[in-house]
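J.: If you scroll down you'll find the structure; I have some questions about it.
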Amino acid sequence: MNMPASGTAIKTRLGRAAVFGTGFFSLSQIPMMTLIIPLWALDIGATAFWIGMAIAMRAVLAMFFSIQAGAIMDRLGTRRVTLTLGLLGTVLVLLYPVVPSIAGMLVLQVVVGFLHLTCWIGAQALVGRMTKGEPTLMGRFSFLATLGNFLGPVLAGMAFHHFGAWGAFGMVSIWSLAFVSITYAVPRSMDNGAAAKVTMLDLLPQWSHYAAGFGLLRVPIIGYVIIVSAVLAGTYAMRHTFFAVYMESIAFNRDEIGLIVGCIALAGSFAGLCVGKLSRWIAPHWLVLIGTALATMTFSVAPLFQDFWSLVAVACATGVCSGTAFPMILSVLTRGAGTEKQGLSVGLRATMNRTASLAVPVAMGAIVGATSLSIGFFITGGTILIVTGLMGIVLLQILKSSKI
């Protein structure tokens, strides 16, 4: 009599593990690509401006359609939608070496970037439904997601160093296939309540979805955490765009670059395991702000260092700070929006993040082109810190009005 119950419990645990596993393989595709793309762009003769444009292009479709994608997941089932997009990404990433031109790279970045980013939206929506925003569980999800961010770029950097572009993009394709496989293992029950049939109307952008998504900004704490999340995304974009370029300029080889970039995520993954306890002492909304500010400060000084271990230290410091902010962003957002609007709220966050991811690389590329790489780091980082400080003032006003 106990066997069926025991079998059900095991199946439930495996299903939960699969949900957490989607974080490991989805988010990591983004830093893998943002490591490879600048190096690939250098190989095909791109200037600093076009490198910035190449990174920015991955955010174009996501900026306009992330809310729609989240709404579609809420309606049609997150698991179903994410599986489809993951399969497309697995195949299309192999086209980069086939079209070794700046124009071809930009077009692929628009499409593949959207697919990878939307799969990450799906992973966040799945874990939000399962955990309901509990800080400790979100910390564990963050640990796995950022641990993937460590291993993925390291493997991609090694593949690029030893096997060239085909090896690097092939590694991303294998990683994407692993994501599809683990998403397939997510229980179908996660899509309970979703529409059984898909119509063309379900896929077309609808004004009601955007109105509902941006309407969430009227909730003070959601508006606050969405904007700070976009600020942190600006810091991510800054380091993903020109950190690899900076290290290449001071004669690091590509497997070393992959290792250093991966250290950001490795440090952040362990920070994620600590946020549950830390949130008992410091409110999650303050952890979001503090972690974002410190992550920007530590990373902006990277051009002051040139040896391997000092850059590893910079990477680890940045990772700890951003790894503290990231799971708290997910926790605050999930609790503020409620589990029934997970796709919509994550889509809204992705829209704002992608706006920052589009603006920062283009702006930094222009600054670097007009000045120097180091000055580009300092000016971009300083601007992000100013915005972070303004959001601190906003948070104080929200607290004063007792709306959180």
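J.: Is it fair to say I51 is under 20 Å from the mean Cα position of the chain (by Cα), touching a residue at least 24 places away in the same chain (Cβ under 8 Å) and within 27 Å of E248 (Cβ to Cβ)?
T.: yes
J.: Moving on to the next point. Under 6 Å by Cβ, and 6 or more places apart or on different chains, what pairs join a residue from the range 116-129 that is touching a residue at least 40 places away in the same chain (Cβ under 8 Å) and within 11 Å of A145 (Cα to Cα) with one that is part of a helix (DSSP H, G or I) and of a type outside the set (S, T, N, Q)?
T.: That search, which allows pairs on different chains as well, returns A123/G23; Q124/V346.
J.: Kindly evaluate A359 against the criterion of being touching a residue at least 60 places away in the same chain (Cβ under 8 Å) and not hydroxyl-bearing (S, T, Y).
T.: So A359 fits the description; yes.
J.: Taking the stated definitions as given, is L42 closer than 16 Å to H161 by Cβ and either assigned to a helix (DSSP H, G or I) or open to solvent by 10 Å² or more (accessible area, probe 1.4 Å) (or both)?
T.: yes
J.: Whether any residue in the range 221-241 is over 24 Å from I386 (Cα atoms) and either within 17 Å of the chain's Cα centre (by Cα) or of a type outside the set (K, R) (or both) is what I want to check.
T.: Scanning the range 221-241, I find no residue that is over 24 Å from I386 (Cα atoms) and either within 17 Å of the chain's Cα centre (by Cα) or of a type outside the set (K, R) (or both), so the answer is no.
J.: Under the condition of being free of Cβ contacts under 8 Å to residues at least 24 places away in the same chain and of a type outside the set (K, R), which residue from the range 210-265 is most open to solvent (accessible area, probe 1.4 Å)?
T.: A251
J.: Do we have M171 as open to solvent by less than 50 Å² (accessible area, probe 1.4 Å) and touching a residue at least 24 places away in the same chain (Cβ under 8 Å) here?
T.: yes
So that you can scan it fast, the table gives a plain yes or no per residue for (1) of a type in the set (D, E, K, R); (2) within 17 Å of I182 (Cβ to Cβ):
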site: L61; (1), (2): no, no
site: A71; (1), (2): no, no
site: R80; (1), (2): yes, yes
site: T84; (1), (2): no, yes
site: L87; (1), (2): no, yes
site: S101; (1), (2): no, no
site: V112; (1), (2): no, no
site: L117; (1), (2): no, no
site: Q124; (1), (2): no, yes
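J.: If the Cβ limit is 9 Å and pairs must be 6+ apart or interchain, which residue in the range 8-21 that is within 18 Å of L273 (Cα to Cα) pairs with which residue that is hydroxyl-bearing (S, T, Y) and at pLDDT below 75?
T.: Matching pairs, first to second residue: V19/T131.
J.: Residues in the range 127-158 that are over 15 Å from the mean Cα position of the chain (by Cα), crowded, with 24+ Cβ neighbours inside 10 Å and aliphatic (A, V, I, L, M): how many?
T.: Going through the range 127-158 one residue at a time, the tally reaches 1.
J.: Next up: Those residues that are polar (S, T, N, Q) and either modelled with pLDDT under 85 or assigned to a loop (DSSP other than H, G, I, E, B) (or both), I need them from the range 12-39; list them, please.
T.: Matches in the range 12-39: T12, S28, T34.
The values are calculated or read from the model by the stated rules, or taken from the named source; none is laboratory data. Predicted, not measured: the structure shown is a model, and the values here were computed from it. A quick note on method: Cβ atoms are made from the backbone with ideal geometry, for glycine too, and the neighbour counts reach across all protein chains shown. Accessible surface areas use protein heavy atoms only, side chains included; no ligands, DNA or RNA. Shrake-Rupley method; radii C 1.70, N 1.55, O 1.52, S 1.80 Å.
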